[in-house]
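The structure under discussion appears below in the form of structure tokens.
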Amino acid sequence: MRNEVQIPKYACVADDVRLGPQVRLAPFVNLYGCEIGAQTRIGAFVEIQRGASIGQRCKISSHSFICEGVTVDDEVFIGHGVVFINDRYPRATNPDGSSKGDGDWRMEKTIVGRRASIGSGAIIMCGVTIGAQAIVGAGALVTRDVAPGAIVAGHPARLRRLIEHADPGSGFSPDGGLDAAD
């Protein structure tokens, strides 16, 4: 147990991981060099890499991959099998045929804003910002920034509509959904 967090059997949590209080981990997670905020829940078979940061009270569903350079703000939902990409031009080797090392590629950061929701199977390309309270539909391919309060879906993701009351406490129910009046 570390910081009131039970490390389940078959979870791989490196010593350099910073876990906030009351984080809940499922078996078979792989966490190294990352930071996880208080009361966040992480599902089975999730990998979170070095340099990634997850806020408080988030839910990361099973089989998701969060790579280096991804920052997730508080109260974000990430569905099953969501994949973040951090290298725009991935290659196994350099032009001379030598294997690529840490200094041979350029990591591009991605930011997910507070209370955003990313549906299952979405792919988030590098260098984008998903705004606060935005909703990314299941299976979407996000290739550009998503405005705060926007709902995007598709392959590639396109704007479907804007949430009219995207400010916390004005039109949102306690669970983050739209009030019946909307």
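Residues of the range 64-72 include at least one that is without any contact (Cβ under 8 Å) to a residue 60 or more places away in the chain, in contact with an Asp or Glu (Cβ under 6 Å, 6 or more places away or on another chain) and not basic (K, R). With respect to G121, is the statement that it is of a type in the set (G, A, S), under 19 Å from S64 (Cα atoms) and at pLDDT 95 or above true? Yes. Evaluation of F28 against the conditions (1) exposed (fewer than 14 other Cβ atoms within 10 Å of the Cβ); (2) aromatic (F, W, Y); (3) more than 29 Å from A132 (Cα to Cα) shows that the sole unmet condition is (1). Given the structure, is R160 of a type in the set (K, R) and on the phi > 0 side of the Ramachandran plot? The answer is no for R160. Applying the set (1) on the phi < 0 side of the Ramachandran plot; (2) surrounded by fewer than 14 Cβ atoms within 10 Å (Cβ to Cβ); (3) in a loop (DSSP other than H, G, I, E, B); (4) not polar (S, T, N, Q) to D74 leaves exactly one unmet item: (2). In this structure, is G121 in contact with a strand residue (DSSP E or B) (Cβ under 7 Å, 6 or more places away or on another chain) and either touching a residue at least 40 places away in the same chain (Cβ under 8 Å) or assigned to a loop (DSSP other than H, G, I, E, B) (or both)? No: the conditions fail for G121. The set of residues in the range 77-105 that are under 14 Å from G51 (Cα atoms) and in a loop (DSSP other than H, G, I, E, B) comprises I85, N86. Being at pLDDT 95 or above, within 27 Å of P21 (Cα to Cα), assigned to a strand (DSSP E or B) and among the polar types (S, T, N, Q) is a condition met by no residue of the range 54-68. Within the range 87-108, none of the residues are under 16 Å from the mean Cα position of the chain (by Cα), crowded, with 19+ Cβ neighbours inside 10 Å and within 17 Å of V142 (Cα to Cα).
The values are calculated or read from the model by the stated rules, or taken from the named source; none is laboratory data. On a predicted model such as this, the values are computed, not experimentally measured, just so you know. A quick note on method: Cβ atoms are made from the backbone with ideal geometry, for glycine too, and the neighbour counts reach across all protein chains shown.
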